[in-house]
Structure formats: C-alpha cells, structure tokens
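The values are calculated or read from the model by the stated rules, or taken from the named source; none is laboratory data. Bear in mind that the values here come from a model prediction, so they are computed numbers and not experimental data. So basically every Cβ, Gly included, is an ideal-geometry build from the backbone, and we count neighbours across all protein chains shown.
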Amino acid sequence: MESKSVNLIPLRTDFTEKHNNICIFGSGDFGRSLGYKMLQSGFSVTYGSRNPDAADMLPRGVEVLSHAEAAQKSSVIFLAVHRNHYSFLSELTDVLQGKILVDVSNNLKINQYPESNAEYLAQIVPGAKVVKALNTVSAWSLQSGTLDANRQVFVCSNDSKAKRFVMDIVRSVGLTPQDHGSLLAAREVENYPLQLFPMWRLPLCICAGLTVFVFLYCLLTMVIYAAVNDNKDVSYYIAVSIPNKIFPIVSLMLLALVYIPGVFAAIIQLYRGTKYRRFPNWLDRWMLCRKQLGLVALAYAFLHAIYTLIIPIRYFVSFRRNNNIIEQILTNATRSKFALSSTWRSDTYLALGILGFFFYVLLGITSLPSVSNAVNWREFRFVQSKLGYLTLLLCTGHAMVYGWDRFLLISRYMWFLPPAYTLSLVIPCVVLVLKLILITPCLDKRITKIRQGWERVSKSQKAASLKNGKVTV
C-alpha cells in the first residue's frame, strides 16, 4: 500500500506543473463556458481560433492565437467544434502529433454517422491521442456552476495514459469521470445525451394506453349512456368525475404491473428448474422498467387524492346535498336513518385508501437514488417487495370496499358493461392470487433453491452423466 501512494505523487506533480496550460479549439457557447470553468479551476487557457476578433467574446485572462500556435503551447487540446468543421485539422497533423485531443462534440440525432465523431477524428489525425469526454455536460451548467444534474462524465480512449490524464482534468473542474473503455464505446457515449427518457417510453405508453381505454369506457357508460337512455346531459362528468375514476383505476393497474413480472419470472424458473437461462426479451424489458411504472402509478395516485379532496366543494355535489336538505325540510320527513353497516363500509374504505397511499409514497421515496443508496440490499428489497405487496393488497381492498356488492346489481351494468371500478381489480387480483400460491412452503422452498444455484437434472442428463462417469448432485 505504501509503494502505491509514493508512485501517485510524481504523477500528480507532473499534472499540476507541466500540463497546466489548456488549449481549446472553438469559441462557441461550449468553448467559452469550458474556458471559463478551466480558469476558475486554476488552469491557464489558450484559444485556437481562425478569427482574431473572437477575443472580445471570450473570458478575460485567456490568450487567443491561431490554431497552430495555440496547439504548440499545450499538450492537451479540447476540440469544441462540430464534426463538419473537422477538415482544418488535416493541416495541423504535424503540430498535433502526440498531443491529447479531447472530442466534446455531439450530433443532432442518434447514430447520425456510420462511425462516432471520436473515431472519425482519430482517422483524420492518426498521430494524436483522441479522447472522448465532456459531451454529456451542457455549456449552461459549466458556466453557471449547477452541475448536480449532469456531474457524471464518460471518458473513453484507446490510449490509457491520455484517458487517465483527461480524467484528472475532469476531476479538477469538479466533475466525476467514468472510465468507459476504448473508442469503440464513443458511439454509445455520443448517443447518451441524445436519448429522451429511454427507460420511460414503455411505462408512459402503457399508461397512455390504459388512460385512453378507461376514459372511453367511462365516457360510454356514464355520459353517452345517460344521453341515449335517459336523455340527460351529464357531460360535466368529463371535468372531474371521470378523471377521478381514471386515476385510481389506472394507478392500481400500473401498480399490479410492477409486481406481475416477478411472478412470471418465478413461474418460468420453476418450469425450467434453473436460473441459468435468460428470460424472454419482453419479460427482461418489462422488469427493467418497473421503477418507472411504479412512479407513474404514484403520480396517478396523487392526482386521485387531490381530486377526492375537492369533491365537497364541487357545485354538482353541493347542489345535490342542499337540494336534498331543502326537500326534507319542505316535506318534514327524514329520508334515511343512521346505518351502522354503511358507516363501517365508509370508514374501512377511507382507512384502506389512506394506508395504501402512505405505503405508496414510502415506495416512491425509497426508489429515489439518494434514499436507496442509504439502505442495504435487504432493507431495500424488504420495502420494495414485502411492503410493495402490502401496498397492492391495501389498494385492492380499497377498490373492493368501494364497489362492495354493486357488481351484483344489474342496474349498474350500462349496456351490459360492468362498472368501471371492476376493471382495476382484474390484474391486481391475479397478481395476489398467484403470489399467494408461490409463497406456499413447497413452492417457496423450490424457488429459493433455484435462486441459490440449484438445477433440476433431467433423466437424459443423468444418463449422460453416468455414461461419462460423472456424478451429478
């Protein structure tokens, strides 16, 4: 350990004394912001520019020279120009020989060119040590100092020494470098900032599809049915009543979709008798987006809670309540008496909803990186799995108590379609029943053994093992 510490000292001294001058090609937004950040971090900065008047736009304290003169003053050059302007570098091949050339460029779309910009740059200037870095950081965040959102920087190069040197510079400006291997990874690094919520696409598509379906279902059974059968205009349901059905129904469906892939995975492993075979691609993709599905479900649960709070102040509700009181006064008759069963049902419905929403929020909080990093794997799994199924159970009970026995009343079936709340119970009930079966001792022990590495050996495999003189455990 002591010899390693001693070896690190000359490297850091060499970095601070001999390579303190940074050269930047490009005086655009990113080039200016990078120079400003380098000056703040104690580097001296020289700009290589074809335009001598560019000094008026650059940070105070930098030196502006021609490309060739600027490159001669530093061993590391940051190339902050677009790919279609790389042609001028072919005239500087002799000057750039042995220099570290850092490509910070991005494209306009994913896989815009056959090869990455960094690989293309290495072809133009074969004598330079090309490094891909800093393309995931915006010019605005560099200049303003708000780097928390994109502090991580991917660095890749075919030259390991050049890569380590650039990683030292990245650390010096307050960023976190991540070694991403050789220039073969540059294509992936360049595509990264162009991706638009890649892990959210499938969850959002599922959510949008379910939302549209439930909306049309509610519109048909609530608004259109009333207009056709009863000649009543209840189109105002679209503003609050229908959304307040969509949000809890879709939220419960999405929560069930978070846990059903785990059930499918357990069934597949039981059927195969091993964990050493890949799941189908559709199941892999589904399992990777469970966190996003859960967060979208939580957002819908929040909307349901907010919409429920405004029910007492709705004009429609207050009108019906006041009209009912006035009619009772005019007729001098009390229409209903206190019902103990209805009270229990109402309070149970509210209690299950409150508890379910509490655990819903707890699941969302523990999925945040800052919280999940503060707990160990067992604690995280306990919250996300055990408490997750408890949340699903409470929310399913909340929906069941809300519906109670209304699914048995024929008058509730508009055009022979069941009430909308029954839609939300199908997937959760399937998940809970399957999970209840899987946690039975006989199946649970077998799943645990499989996940610990046990494999079921077929008769043909046993025969082959005996034939080859091998003993199979």
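I need a count of the residues in the stretch 97-111 that are part of a loop (DSSP other than H, G, I, E, B), closer than 12 Å to residue 82 by Cβ and at pLDDT 90 or above.
Residues in the stretch 97-111 being part of a loop (DSSP other than H, G, I, E, B), closer than 12 Å to residue 82 by Cβ and at pLDDT 90 or above: 4 in total.
Return yes or no: is residue 219 within 22 Å of the chain's Cα centre (by Cα), over 20 Å from residue 76 (Cβ atoms) and either surrounded by fewer than 20 Cβ atoms within 10 Å (Cβ to Cβ) or in the same structural domain as residue 40 (by TED's automatic domain parsing) (or both)? So that I can check it myself, show each step before the final result.
Values: within 22 Å of the chain's Cα centre (by Cα): no; over 20 Å from residue 76 (Cβ atoms): yes; either surrounded by fewer than 20 Cβ atoms within 10 Å (Cβ to Cβ) or in the same structural domain as residue 40 (by TED's automatic domain parsing) (or both): yes.
Answer is no for this residue.
Right, residue 76: in contact with a His (Cβ under 7 Å, 6 or more places away or on another chain) and either surrounded by fewer than 22 Cβ atoms within 10 Å (Cβ to Cβ) or modelled with pLDDT under 90 (or both) or not?
So residue 76 fits the description; yes.
Restricting to the stretch 275-309, and then to whatever is in a loop (DSSP other than H, G, I, E, B) and in contact with a Gly (Cβ under 9 Å, 6 or more places away or on another chain), can you tell me which residue is surrounded by the fewest Cβ atoms within 10 Å (Cβ to Cβ)?
This residue is 276.
For the stretch 222-236, which residues satisfy the criterion of being part of a helix (DSSP H, G or I), more than 42 Å from the chain's Cα centre (by Cα) and over 17 Å from residue 413 (Cβ atoms)?
Residue satisfying the conditions is 227 alone.
Among the residues in the stretch 162-175, are any more than 21 Å from residue 80 (Cβ to Cβ) and over 19 Å from the mean Cα position of the chain (by Cα)?
Yes; the residues of the stretch 162-175 include at least one that is more than 21 Å from residue 80 (Cβ to Cβ) and over 19 Å from the mean Cα position of the chain (by Cα).
What number of residues within the stretch 376-397 are touching a helix residue (DSSP H, G or I) at 6+ places or on another chain (Cβ under 7 Å) and either surrounded by fewer than 18 Cβ atoms within 10 Å (Cβ to Cβ) or closer than 11 Å to residue 259 by Cβ (or both)? Spell out how you get there, then give the answer.
Of the residues in the stretch 376-397, the ones touching a helix residue (DSSP H, G or I) at 6+ places or on another chain (Cβ under 7 Å) are 380, 383-384, 387-397.
When the remaining residues are screened for being either surrounded by fewer than 18 Cβ atoms within 10 Å (Cβ to Cβ) or closer than 11 Å to residue 259 by Cβ (or both), the result is 380, 384, 387-393.
Qualifying residue count, the stretch 376-397: 9.
Can you say whether residue 55 is modelled with pLDDT under 90 and more than 40 Å from the chain's Cα centre (by Cα), as far as the supplied structure shows?
Values: modelled with pLDDT under 90: yes; more than 40 Å from the chain's Cα centre (by Cα): yes.
Considered against the rule, which asks whether it is modelled with pLDDT under 90 and more than 40 Å from the chain's Cα centre (by Cα), residue 55 comes out as yes.
Anything in the stretch 145-174 that is modelled with pLDDT under 90 and under 22 Å from residue 107 (Cα atoms)? List them, or say none.
147, 149, 150, 151, 152
Note down all Cβ pairs under 7 Å where the first residue falls in the stretch 171-182 and is in the same structural domain as residue 43 (by TED's automatic domain parsing) and at positive phi, the second is modelled with pLDDT of 90 or more and assigned to a strand (DSSP E or B), and they're at least six residues apart or on different chains.
181/156
Hey, among 173, 166, which residue is under 22 Å from residue 33 (Cβ atoms) and touching a Ser or Thr at 6+ places or on another chain (Cβ under 7 Å)? Even if it seems obvious, please write down each step before you answer.
Values: 166 fails: touching a Ser or Thr at 6+ places or on another chain (Cβ under 7 Å).
The unique qualifying residue is 173.
Go through the stretch 321-423 and tell me which helices (runs of 4 or more DSSP H), entirely inside it, have 3 or more residues that are of a type in the set (Gly, Ala, Ser) and without any contact (Cβ under 8 Å) to a residue 12 or more places away in the chain.
Of the helices (runs of 4 or more DSSP H) lying wholly inside the stretch 321-423, those with at least 3 residues that are of a type in the set (Gly, Ala, Ser) and without any contact (Cβ under 8 Å) to a residue 12 or more places away in the chain span 340-366.
Looking at 410, 439, 450, 427 in this structure, which one is in the same structural domain as residue 307 (by TED's automatic domain parsing), under 22 Å from residue 266 (Cβ atoms), exposed (fewer than 13 other Cβ atoms within 10 Å of the Cβ) and not charged (D, E, K, R)?
439
How many of the residues in the stretch 100-116 are of a type in the set (Lys, Arg) and under 13 Å from residue 155 (Cα atoms)?
Residues flagged as of a type in the set (Lys, Arg) and under 13 Å from residue 155 (Cα atoms) within the stretch 100-116 amount to 0.
More than 34 Å from the chain's Cα centre (by Cα), buried (at least 17 other Cβ atoms within 10 Å of the Cβ), in contact (Cβ under 8 Å) with a residue 24 or more places away in the chain and in a helix (DSSP H, G or I): is that true of residue 253 in this structure?
Details: more than 34 Å from the chain's Cα centre (by Cα): no; buried (at least 17 other Cβ atoms within 10 Å of the Cβ): yes; in contact (Cβ under 8 Å) with a residue 24 or more places away in the chain: yes; in a helix (DSSP H, G or I): yes.
No.
Within the stretch 286-329, which residues are β-branched (Val, Ile, Thr), farther than 30 Å from residue 204 by Cα and within 37 Å of the chain's Cα centre (by Cα)?
Here is the first cut: in the stretch 286-329, the residues β-branched (Val, Ile, Thr) are 296, 306, 308, 310-311, 313, 317, 325-326, 329.
Add one more test, that the residue is farther than 30 Å from residue 204 by Cα, and what stays is 313, 317, 325-326, 329.
Hit for the stretch 286-329 is 313, nothing else.
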